[in-house]
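The values are calculated or read from the model by the stated rules, or taken from the named source; none is laboratory data. Quick caveat: nothing in here was measured; it's all calculated off a predicted structure. Cβ: placed from backbone, ideal geometry, glycine included. Neighbour counts: every protein chain shown. Each accessible area value is taken on the protein alone, full model and side chains, heavy atoms only, with ligands, DNA and RNA left out. Shrake-Rupley method; radii C 1.70, N 1.55, O 1.52, S 1.80 Å.
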Amino acid sequence: MTRGRFITLEGGEGAGKSTQIRRLAEWLRAAGHAEVVMTREPGGSPGAEAIRELLVNGEVDRWDGVTEVLLHFAARRDHVTRTIEPALARGAWVICDRFADSTRAYQGIVQGAGLDIVEAAYALAVGDMEPDLTLILDIPVETGLARAADRGGSDRYERMGRDFHEALRGAFLKIGADHPERCVVIDATGDEDSVEKAIQAAVASKWP
Ligand code: TMP
């Protein structure tokens, strides 16, 4: 059995990841990929979903940056071992809403835990497995936060303030520039159809 492919979508709040993941999955199924698994982080397995509750609820300063890195990687290890790896091993394409680049951007760069801590935790929790392709959906902060607010509710991260989200956008763009072999930055300001087309073009150029 040929191993499946692992695609991650990243970006700040309100960039439209969930919609685009559904559209990408439909497109891949229509292209003949028998099994396409959609999943998310933090979460994606029962244990990781339980850890997610600790991360997205409560006071903004509930955890220090390093503790938060460790919680995300504890969740990620469970998700990778129980959901992602078994799916890839049976030949499925896996599309994940956020993965380790979110920890690099949110905790490593913006919350100040440092990228060294993130990479050490990655090596311990995940090893040398990484996404085949990462699509970074880029959108101005104002637009993204307005879209997220329209969705209703606001989780712990959405409450972190405007400066936090500006820094986050820069952090994702830096990650994209640092990993050009794996990352493609997608302009997500347009309508859903044009973003979908840009994503399809990136996938088609990776796997012609
Ligand atoms: P979501 O809103 O995309 O479901 O993600 C939940 C929040 O978790 C989101 O605001 C970003 C945050 N997050 C991190 O801070 N670090 C991480 O490693 C991940 C996966 C998510």
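Identify all residues within region 179-206 that are more than 18 Å from the chain's Cα centre (by Cα) and open to solvent by 70 Å² or more (accessible area, probe 1.4 Å); write none if there are none.
Passing the criteria: ASP191, GLU192, ASP193, LYS197, SER205, LYS206.
Which one is farthest from TYR122 (Cα to Cα) among residues in region 62-77 that are away from the ligand (no atom under 11 Å from the Cβ) and assigned to a loop (DSSP other than H, G, I, E, B)?
Among them, the one singled out is ARG62.
Identify the residue in region 10-26 that is acidic (Asp, Glu) and open to solvent by 10 Å² or more (accessible area, probe 1.4 Å) and, among all such residues, is nearest to ALA148 (Cα to Cα).
First, pick out the residues of region 10-26 that are acidic (Asp, Glu): 10, 13, 26.
Next, only the ones that are open to solvent by 10 Å² or more (accessible area, probe 1.4 Å) stay: 13, 26.
Working: GLU13: 6, GLU26: 24 Å.
Top of the filtered list is GLU13.
Quick check on region 32-52: of everything there that is part of a strand (DSSP E or B) and closer than 23 Å to ARG151 by Cα, which residue is nearest to the chain's Cα centre (by Cα)? Steps first, answer last, please.
Of the residues in region 32-52, the ones part of a strand (DSSP E or B) are 36-40.
Subsequent filtering for residues that are closer than 23 Å to ARG151 by Cα retains 38-40.
Details: MET38: 12, THR39: 10, ARG40: 7 Å.
Once the filter is applied, the top-ranked residue is ARG40.
Determine whether ALA100 is touching a residue at least 24 places away in the same chain (Cβ under 8 Å) and either under 13 Å from MET129 (Cα atoms) or of a type in the set (Asp, Glu) (or both). If you could, list the steps in order and put the result at the bottom.
Working: touching a residue at least 24 places away in the same chain (Cβ under 8 Å): yes; either under 13 Å from MET129 (Cα atoms) or of a type in the set (Asp, Glu) (or both): yes.
Here the answer is yes, as ALA100 does meet what is asked.
Scanning region 144-180 for residues that are assigned to a loop (DSSP other than H, G, I, E, B) and out of contact with any Gly (no Cβ under 9 Å at 6 or more places or on another chain), which turns out nearest to ASP101 (Cα to Cα)? Step through it out loud before you land on a result.
First, the residues of region 144-180 that are assigned to a loop (DSSP other than H, G, I, E, B): 151-157, 161, 179-180.
Next, from what is left, pick out any that are out of contact with any Gly (no Cβ under 9 Å at 6 or more places or on another chain): 152-155, 157, 161, 179-180.
Details: GLY152: 25, GLY153: 24, SER154: 22, ASP155: 19, TYR157: 15, GLY161: 20, HIS179: 10, PRO180: 13 Å.
In this case the residue turns out to be HIS179.
Here is a list of conditions, (1) in a helix (DSSP H, G or I); (2) within 15 Å of the chain's Cα centre (by Cα); (3) more than 13 Å from the ligand (Cβ to nearest atom), and GLU85 meets all of them except one; can you say which number that is?
(2)
Condition test on GLU13, is it acidic (Asp, Glu), away from the ligand (no atom under 14 Å from the Cβ) and part of a loop (DSSP other than H, G, I, E, B)? Show your work before the answer.
Working: acidic (Asp, Glu): yes; away from the ligand (no atom under 14 Å from the Cβ): no; part of a loop (DSSP other than H, G, I, E, B): yes.
No: the conditions fail for GLU13.
Need the failing condition index for ARG29 against (1) assigned to a helix (DSSP H, G or I); (2) buried (at least 18 other Cβ atoms within 10 Å of the Cβ); (3) not aromatic (Phe, Trp, Tyr), just the number.
Among (1) assigned to a helix (DSSP H, G or I); (2) buried (at least 18 other Cβ atoms within 10 Å of the Cβ); (3) not aromatic (Phe, Trp, Tyr), ARG29 violates only (2).
So, in region 58-93, of the ones that are of a type outside the set (Gly, Ala, Ser), in contact with a Lys or Arg (Cβ under 8 Å, 6 or more places away or on another chain) and over 24 Å from MET38 (Cα atoms), which residue ends up least open to solvent (accessible area, probe 1.4 Å)?
This residue is VAL60.
Residue by residue, here is whether (1) in a helix (DSSP H, G or I); (2) free of Cβ contacts under 8 Å to residues at least 60 places away in the same chain holds:
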position	(1), (2)
TYR106	yes, no
ILE109	yes, no
GLU119	yes, yes
TYR122	yes, yes
PRO131	no, no
LEU135	no, no
GLU142	yes, yes
